[in-house]
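These notes concern the structure reproduced below.
The values are calculated or read from the model by the stated rules, or taken from the named source; none is laboratory data. Just so it is clear, the model here is predicted, and its values are computed rather than measured. As a convention, Cβ positions derive from the backbone with ideal geometry for all residues, glycine included, and neighbour counts pool all protein chains shown. Ligands, DNA and RNA are stripped out before the accessible areas are found, and what is left, the full protein with its side chains, is counted by its heavy atoms. Shrake-Rupley method; radii C 1.70, N 1.55, O 1.52, S 1.80 Å.
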Amino acid sequence: MTWQHLQQLRATAQSSIRQHLGEAQPQGGQGAIVQGGSIALLPDRREPGQPRTAPWTLAIFATIDYEWPGVDSDGRAYSRSGSYPVDVAAWMPRQFPILRRSYLLESSQFFELTPDEETGAWHKRVSTVKFEARALPGDRGPHGQYDYADSYYRIPVEITVGHVVATLGSPPDIVKTHKLTLRRNGATYTPKPVQMDEFYELRVLDVKRI
């Protein structure tokens, strides 16, 4: 046997061995990659994500009813009452969760005055506020339309309202807070003065999804 014949025989044997080893080696595919002696698994392919939710704005609407009973300097009792129709008190765009407020709750003023020492005259103002959390389509800024008729219930939220001392000439001072859970039917709150002879109003301080 010549050297050339030996080389041809060796090449044929090596080719046959490689073929048999290749058949015995694991193959890539179906999420697996084989490289040398290593096998890697590709991550699962996920379905395309759901389309982004269209922008919407969370609006806190309020309806204010008030009573204004008292006794005049002649000792005659009197009482007045009224209401402010539903309007937006605060709002928060879903995509940009920054709470913004309107001036509506300035009409929620409540107080109780000490009777006059000479005449016994006194009066107080009691406000009852119904809050509702509603959604409106789109990102609505401070000049957007916040019509209750265009709104709908979407999610329950918890709001924090503050008792704000509203004395003319003085900066507002939050002296008490109260939490309300607003579900589909909203929630009603009748605040009480922290002390006599102070004028208060409500203010929405915080809104949290629950």
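Where in segment 107-210 are there strands (runs of 3 or more DSSP E), lying wholly inside it, with at least 1 residues that are open to solvent by 40 Å² or more (accessible area, probe 1.4 Å) and without any contact (Cβ under 8 Å) to a residue 24 or more places away in the chain? Let's see the steps before the verdict.
On the way: elements: 122-137, 157-165, 173-182, 187-189, 200-209.
Per the criteria, 173-182.
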Seminar exercise, completed: In segment 79-106, residues that are part of a strand (DSSP E or B) and either closer than 21 Å to ASP147 by Cβ or without any contact (Cβ under 8 Å) to a residue 12 or more places away in the chain (or both) total 13
Exercise. Which condition number in (1) out of contact with any Asp or Glu (no Cβ under 6 Å at 6 or more places or on another chain); (2) more than 18 Å from TRP56 (Cβ to Cβ); (3) at pLDDT 95 or above is the one that VAL164 fails?
Worked result: (1)
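Residues checked against (1) within 24 Å of LEU168 (Cα to Cα); (2) at pLDDT 95 or above; (3) under 33 Å from the mean Cα position of the chain (by Cα); (4) hydroxyl-bearing (Ser, Thr, Tyr):
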| position | (1), (2), (3), (4) |
| --- | --- |
| VAL86 | no, yes, yes, no |
| ARG94 | no, no, yes, no |
| PRO97 | no, no, yes, no |
| GLY120 | no, no, no, no |
| LYS124 | yes, yes, no, no |
| LYS130 | no, yes, yes, no |
| ALA133 | no, yes, yes, no |
For this session: Return the total of residues in segment 89-140 being farther than 21 Å from THR190 by Cβ and not hydroxyl-bearing (Ser, Thr, Tyr).
Result: 23
Problem set entry | Hits in segment 162-207 - residues which are more than 23 Å from the chain's Cα centre (by Cα) and among the small types (Gly, Ala, Ser) | ALA166, GLY169, SER170
Exercise. Within the bounds of segment 54-64, is there any residue that is among the hydroxyl-bearing types (Ser, Thr, Tyr), within 19 Å of ARG184 (Cα to Cα), part of a strand (DSSP E or B) and at pLDDT below 95?
Worked result: yes
